[in-house]
Amino acid sequence: METILISTKWRDLWNETILRFGTKQDITIVLAKFLTSFDDFDPLKHPRKLQFHYDQDYVLLATIANSTKLQLDFNISPLKKEFIIENIQKHYELQFKLNEEKKITYNKSFTSNVFSLKTLYLKSISYLTSEVASSIISSLHHLENLVINSCNGLKSLSIVSNFELHKLKILDCLELKFLHLKTSKLKSFQYRGSLPWILPEFHFNLSEAILDFRLGPSCGGIMSKDFDATLLTIKNSQTLTLCRWTFEELIWPSISPPYGCFNFYKLRELCWIDNYQKDEYCKDALFSFLKLCPSLEKLFVMIDDESYSGGRSSSLLMQATKCTKLEHLKVIKFKGFTCRKDEISLAKCLIQLIKGNVPKINTSDGSCLDLDFIK
């Protein structure tokens, strides 16, 4: 009983929220005070949540995990709803310049001398709050991990960080059409949404690349040559998520014979996002890609029938790819298959590609295929 009472007390303290009111110009000052009052050694001494109402119609929700991690949710109050929705739907651009010495009006008190954030989560930025978000970002000299989520109306995003940004995650910004990256030290890039024009200004070698473009391209006219710079950033990845259509339409035309030998020599883990074509599963593109991955250890094949299919045929892929045996494969998992027959067929073909012991093959329903039965 004592444990339950103590636990309840801690939970109440943990969920306590500071309520503040002001204007847009006050945001950085309020955030600075909120963060500097947090004590890592006594985290319950001060509330971890801030709700800041500004300019009557807007709400900023700030949550701090510790002195280096902050989440900002640019929410909206229900007042003047029609006006707010109209402005949220406006297209806008974001330019995030990290490690900048130059400060602008909003961030005079929001400097790295006050606190050193390393992880920042930004959610629901809109046309009306884009300037504030850019202002906050420009003052974070030690940011290593940036997450941008569900920003309606965001059309163009530019991120400049010559030093410390190592991880970038962009999720569900469904109207994004242009992504400019000047991030020479980036090691992990995760993207979920429609494929925008990606413009890497510097070459960087990603160790983790999650390219979930299952919604297809965000605009027409993207060709394989436009993806070449991005392809070079993922060549040495150890972990990769890739959609079949991305390989067929944007990667294969650039690496297929007679353009030379291209392999993902360092790739250890692959998540392959696919779908059914004409009510059956076509494995040609997957196997063509697997033959480029001699060091692969883990394979996850995910079926999503809602994902973009593309229009390119993969009929010549298998013939044009040099056969490479998979000597290190230890894990195979299927997800989203609706027909056990397709899983068995895929498993049989995978076994032919594996050199050495065949690992357990986990199916979509969580069971394991009987290897003696399918061989």
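When the convex hull of the C-alpha atoms of segment 247-288 is computed, what volume per residue in Å³ does it have?
Roughly 91 Å³ of hull volume per residue.
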Over segment 269-311, what percent of the accessible surface lies on carbon and sulfur atoms, probe 1.4 Å?
-> 39 percent
Please list, in chain and number order, the residues 5+ apart from His180 or on another chain whose amide H is under 5 Å from its amide H, with Hs placed from the backbone.
-> Leu157, Ser158, Ile159, Leu199
Distant-in-sequence amide H partners of Gln277 (H built 1.01 Å from N, under 5 Å) = Cys282
Computed over segment 141-298, Cα set: Rg, Dmax in Å = 15.5, 52
Segment 138-213: Rg/Rh from Cα coordinates, Kirkwood Rh?
-> 0.93
In order through segment 239-244: 3J(HN,Hα) via Karplus (6.51 cos²θ - 1.76 cosθ + 1.60), integer Hz, x for Gly, Pro = 10, 9, 10, 8, 8, 4
Taking placed amide H atoms and a strict 5 Å upper bound, the residues 5 or more places from Thr241 or on another chain that come that close are Ala209, Ile210, Leu211, Cys271
Share of carbon and sulfur in the accessible heavy-atom surface of segment 119-190 [1.4 Å probe, %] = 48 percent
Residue separation between Ala229 and Lys348 times 0.36 nm, minus their alpha-carbon distance, gives in nm 39.3 nm
Computed on alpha carbon atoms, what radius of gyration and Dmax characterise segment 212-292, expressed in Å?
-> 12.7, 35
With every protein chain kept in place and a 1.4 Å probe, segment 325-375 has an accessible area per residue in Å² of 60 Å²
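Would you mind checking the pairs Lys298/Lys341; Lys169/Lys291; Lys185/Lys330; Lys235/Lys266; Lys291/Lys330; Lys169/Lys283 and listing those with alpha carbons more than 19 angstrom apart?
Details: Lys298/Lys341 22 Å; Lys169/Lys291 29 Å; Lys185/Lys330 31 Å; Lys235/Lys266 8 Å; Lys291/Lys330 16 Å; Lys169/Lys283 29 Å.
Among Lys298/Lys341; Lys169/Lys291; Lys185/Lys330; Lys235/Lys266; Lys291/Lys330; Lys169/Lys283, the Cα-Cα distance tops 19 Å for Lys298/Lys341; Lys169/Lys291; Lys185/Lys330; Lys169/Lys283.
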Under 15 Å from a point 7 Å along the Cα-to-Cβ line of Lys341: which residues of segment 241-281 have their amide N that close?
-> 277-281
For segment 174-190, Karplus couplings with θ = phi - 60° (6.51, -1.76, 1.60), whole Hz, Gly/Pro x | 6, 9, 5, 10, 9, 10, 9, 10, 10, 9, 5, 9, 5, 10, 10, 10, 10
Relative contact order [Cα under 8 Å, 6+ residues apart], segment 128-173, whole percent = 47 percent
3J(HN,Hα) from dihedral phi, segment 63-70, Karplus parametrisation 6.51/-1.76/1.60, rounded to Hz, x for glycine, proline = 10, 10, 8, 7, 5, 10, 10, 9
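The values are calculated or read from the model by the stated rules, or taken from the named source; none is laboratory data. Being a predicted model, the structure only gives us computed values, none of them experimental. Positions of Cβ are backbone-derived with ideal geometry, glycine not excepted, and every protein chain shown enters the neighbour counts. For accessibility, only protein heavy atoms count, side chains too; no ligands or nucleic acids. Shrake-Rupley method; radii C 1.70, N 1.55, O 1.52, S 1.80 Å.
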